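Inspection log for the structure reproduced underneath, given as structure tokens.
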Amino acid sequence: MGTSEERFQAIVDAESKIEPTDWMPEGYRKTLVRQIAQHAHSEIIGMQPEGNWITRAPTLHRKAILMAKVQDEAGHGLYLYSAAETLGVKRDDLQELLHRGKHKYSSIFNYPTLSWADMGAIGWLVDGAAITNQVMLTRCSYGPYARAMVRICKEESFHQRQGYEILIRLCNGTPEQKAMAQDALDRWWWPSLMMFGPNDSDSTHSEQSMLWKIKRVSNDDLRQQFVDMTVPQAEFLGLEIPDSELRWNEERGHYDFGEIDWEEFWRVVKGDGPMNRERIEHKTRAWEEGAWVREAATAHAAKRARRAA
Amino acid sequence: MTYDVPVAPGEKAELEEAIEGAAEGWPMWEVFVRARRGISHVHIGSLHAPDARTALENARDVYTRRGEGVSVWVVPSSEISAFEPEAAAEYVEANEKVYRLATTYDIPDEVGQM
């Protein structure tokens with residue numbers, strides 16, 4: 001039967017799934033804890049840029065949609081924390097690491113949402129990029145993570161479509177509304193491409209993650225997939241993607257596109273993006289100011305238990 | 001996109017650590033949902049809650065926002081028993097008695113569907 005490690009790799013190579021009680025290499029477990037926790041944090045922090053517009057949504061219908069979307073993101077965070085907990089960590093510890101700035105989340109949420117069109121651009125581009133990645137992750141070798149992704153992908157489709165629909169409306173509206181949509185695309189395009197991470201040549205974790213089938217497609221391939229999918233959608237809207245080097249490459253069968261500003265990328269990763277500080281401050285404040293809700297729930301449960309006794 | 005946020009050059013990666021003084025969380029519950037009448041409850045995930053009723057209410061909000069179920073069960077995770085992982089193969093994967101399988105019997109075609 002071979003060593004534990006060989007048995008583990010054989011399960012992975014056979015496209016079967018690793019489950020929580022299986023033996024797994026410590027590096028595999030740590031990589032998953034790190035990635036799933038960051039993914040969960042991203043969902044939770046990702047509630048803020050859109051939460052910012054709930055009170056200012058243009059209609060009651062749009063407000064209801066936005067609230068449902070933000071609620072989904074809370075749900076996605078919870079599925080993911082649950083998946084992380086199957087690896088023997090505690091949700092409260094992970095959250096504390098986030099509050100102390102020791103854990104990261106996707107840098108995209110460190111950009112501000114300045115106009116209503118940003119709600120459209122986030123759904124279309126940010127959720128679109130997330131779907132590209134998460135569809136891959138439904139085939140991840142770790143069972144609980146892959147299963148959480150299946151649920152999340154079903155719900156993300158709503159997120160992307162409602163965003164794109166917002167932009168269709170704006171692009172068919174007044175010149176000012178169309179300009180607002182273009183401005184949102186101008187600001188969100190490059191950060192969305194950055195969401196796929198460093199180039200494959202600079203990606204430190206990728207090789208091992210591919211071998212373990214945590215990651216199935218490289219950063220650059222996913223980024224290309226996203227660009228190819230998104231360019232025609234921008235054309236349909238009549239919007240211009242802010243990249244002078246963007247053009248169809250007949251030979252490759254893909255769009256060529258310009259270089260990402262990697263200096264900006266690393267600056268935001270390191271904590272100096274426009275909103276890094278505010279996001280964590282807000283998250284920590286919400287947790288602290290919500291303490292009474294948790295205490296009340298605990299007290300209420302205790303009261304019910306006493307009455308039932 | 002990737003959720004593997006890179007470690008910036010010169011930065012130290014903090015993968016995980018137990019946090020002193022982090023809030024003592026509520027117990028964990030496993031959630032089972034019956035998708036529709038006529039089929040069994042199926043495990044769908046887990047959550048934290050102070051008691052069974054709150055666990056049910058949270059399960060409804062977290063796992064059935066789009067009509068995924070007509071019935072929800074919650075069970076304290078600590079109440080679930082299982083074979084030790086090393087022993088599981090021995091207990092639940094053994095299949096040496098192939099004569100238990102219907103497909104191991106040769107029935108002539110002319111007998112028809114059986």
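Numbers below:
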{"read-out": "Condition met for A:THR21 (outside any helix (DSSP H, G or I) and open to solvent by 30 Å² or more (accessible area, probe 1.4 Å))", "value": "yes"}
{"read-out": "Selection within the range A:161-183 - in a helix (DSSP H, G or I) and open to solvent by less than 60 Å² (accessible area, probe 1.4 Å)", "value": "A:GLN162, A:GLY163, A:TYR164, A:ILE166, A:LEU167, A:ILE168, A:LEU170, A:CYS171, A:ALA179, A:ALA181, A:GLN182"}
{"read-out": "Hits in the range B:31-85 - residues which are part of a helix (DSSP H, G or I), more than 21 Å from A:TYR79 (Cβ to Cβ) and open to solvent by 80 Å² or more (accessible area, probe 1.4 Å)", "value": "B:ARG53, B:GLU79"}
{"read-out": "Close pairs from the range A:185-206: first within 13 Å of another protein chain (Cβ to nearest Cβ), partner among the aromatic types (Phe, Trp, Tyr) and part of a helix (DSSP H, G or I), Cβ under 8 Å, at least 6 apart", "value": "A:SER192/A:PHE226; A:LEU193/A:PHE226; A:MET194/A:PHE265; A:PHE196/A:PHE226; A:PRO198/A:TRP262; A:PRO198/A:PHE265"}
{"read-out": "Checking A:CYS140 against (1) within 30 Å of B:GLY67 (Cβ to Cβ); (2) in contact with a helix residue (DSSP H, G or I) (Cβ under 9 Å, 6 or more places away or on another chain); (3) surrounded by fewer than 21 Cβ atoms within 10 Å (Cβ to Cβ), the condition it does not meet", "value": "(3)"}
{"read-out": "Selected residue [closer than 15 Å to B:TYR3 by Cβ, at pLDDT 95 or above and surrounded by fewer than 21 Cβ atoms within 10 Å (Cβ to Cβ)] from A:ALA146, A:ALA129", "value": "A:ALA146"}
{"read-out": "Subset of the range A:36-63 that is over 11 Å from the mean Cα position of the chain (by Cα) and over 19 Å from A:LEU170 (Cβ atoms) - its residue that is nearest to the other protein chains (Cβ to nearest Cβ)", "value": "A:ALA37"}
{"read-out": "The one condition in (1) in contact with a strand residue (DSSP E or B) (Cβ under 8 Å, 6 or more places away or on another chain); (2) of a type outside the set (Lys, Arg); (3) more than 30 Å from A:ILE168 (Cβ to Cβ) that A:GLY271 fails to fulfil", "value": "(1)"}
{"read-out": "Subset of the range A:69-100 (residues that are facing another protein chain (nearest Cβ under 9 Å), over 17 Å from the mean Cα position of the chain (by Cα) and open to solvent by 40 Å² or more (accessible area, probe 1.4 Å))", "value": "A:THR86, A:LYS90, A:ARG91, A:GLU96, A:ARG100"}
{"read-out": "Close pairs from the range A:225-250: first modelled with pLDDT of 95 or more, partner open to solvent by 40 Å² or more (accessible area, probe 1.4 Å) and acidic (Asp, Glu), Cβ under 6 Å, at least 6 apart", "value": "A:PRO242/A:ASP186; A:ARG247/A:ASP256; A:ASN249/A:ASP256"}
{"read-out": "Matching residues in the range A:21-33 - criterion: being touching a residue at least 24 places away in the same chain (Cβ under 8 Å), in contact with a Leu (Cβ under 7 Å, 6 or more places away or on another chain) and of a type outside the set (Val, Ile, Thr)", "value": "A:ARG29, A:LEU32"}
{"read-out": "Failed item in (1) under 13 Å from A:LEU125 (Cβ atoms); (2) open to solvent by less than 60 Å² (accessible area, probe 1.4 Å), with A:ASP186 passing the rest", "value": "(2)"}
{"read-out": "Among the candidates B:VAL42, B:VAL98, B:VAL74, residue that is touching an Asp or Glu at 6+ places or on another chain (Cβ under 8 Å), of a type outside the set (Phe, Trp, Tyr) and more than 10 Å from every other protein chain (Cβ to nearest Cβ)", "value": "B:VAL74"}
{"read-out": "Those residues of the range A:141-182 which are in contact (Cβ under 8 Å) with a residue 12 or more places away in the chain, more than 14 Å from chain B (Cβ to nearest Cβ) and among the hydroxyl-bearing types (Ser, Thr, Tyr), in sequence order", "value": "A:SER141, A:TYR164"}
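The values are calculated or read from the model by the stated rules, or taken from the named source; none is laboratory data. What you see is a predicted model, and the numbers here were worked out from it, not measured in a lab. Ideal geometry is used to build each Cβ from the backbone, glycine not excepted, and the neighbour counts take in all protein chains shown. The protein model used for the area step is the full one, side chains on, heavy atoms only, and it has no ligands, DNA or RNA in it. Shrake-Rupley method; radii C 1.70, N 1.55, O 1.52, S 1.80 Å.
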